[in-house]
Amino acid sequence: MNSKKSIVLLITLFFISAISILILQNLKDTEQFLDELSSGSSLSQIQITIDNVREEVPKYLNKNKDDIDEILNNTQVVALQVGNVDILLNIEDYSLTQFNINNLTTKMTSSEDFTNNINYKYDFLEIVNEHKKEGNYTNTHQIQQTIKEYIKLTKDKDILNIKDEFTYLKDINGTKLIQCNYSIKVNEESCDVSFIFDLSSSTVKDFNIINIF
């Protein structure tokens, strides 16, 4: 048991140190980052860090794909600090057992989760169908906008209970998707960012800056 705990701790420490080093050493423009650091331009530092985390975390996960299950099990939430930049990083499996908004079947819309949390089902489906006239959903932001439109129309906020259960991605055999959420804070400025990394194809999907303060 102690040996297993030691291995878990080692994996956690290695992940934290490796990501910290990568973010610090492999900034797209280190000179620019240091210039912004000295000038105190928080928003510029945030933008550089957003880009860098988006680049370095997938690289690390891809390089260590053979140990991905252990990494996800033992290092889901990681706190990092690079200079005056604080980063809170969360990585976890992205489940495709949700409601695919591009293909809402009768079985899905009759499920307990759906019927208990969407009190005006036909209004919601009408909004979805109107959107799909312009093409299928291709990112999470479009789903969020649909939920906002539904709440505005019906005043029904119960849908927020299952807002994270909607997806637009297809469940393809062999696909390994990883959800990466991270918050960045520099001085009084902060932002929340999210993306999905497809380990099978080594591609970033659905990159989204959720909010910036």
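The values are calculated or read from the model by the stated rules, or taken from the named source; none is laboratory data. No experiment lies behind these values; they were computed from the predicted model shown. We place every Cβ from the backbone using ideal geometry, glycine too, and count neighbours over all the protein chains shown.
Figures for the structure shown
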item: Selection from the stretch 121-155 of residues that are farther than 29 Å from D93 by Cβ and not in a helix (DSSP H, G or I); result: K133, E134, K155
item: Which listed residue, of L43, L104, L72, L88, is modelled with pLDDT of 75 or more and closer than 20 Å to K205 by Cβ; result: L72
item: Subset of the stretch 69-102 [in a helix (DSSP H, G or I) and either surrounded by fewer than 14 Cβ atoms within 10 Å (Cβ to Cβ) or in contact with a helix residue (DSSP H, G or I) (Cβ under 8 Å, 6 or more places away or on another chain) (or both)]; result: D69, E70, I71, N73, N74
item: The stretch 127-160, residues that are loosely packed, with under 15 Cβ neighbours inside 10 Å, under 27 Å from K205 (Cα atoms) and acidic (D, E); result: E130, E134
item: Residues of the stretch 156-194 satisfying the condition of being farther than 28 Å from V82 by Cβ, polar (S, T, N, Q) and either in a loop (DSSP other than H, G, I, E, B) or out of contact with any strand residue (DSSP E or B) (no Cβ under 7 Å at 6 or more places or on another chain) (or both); result: N161, N173, T175
item: Hey, T140 closer than 29 Å to D123 by Cβ and in contact (Cβ under 8 Å) with a residue 40 or more places away in the chain or not; result: yes
item: Count of residues meeting criterion [surrounded by 14 or more Cβ atoms within 10 Å (Cβ to Cβ) and in a helix (DSSP H, G or I)] in the stretch 103-120; result: 4
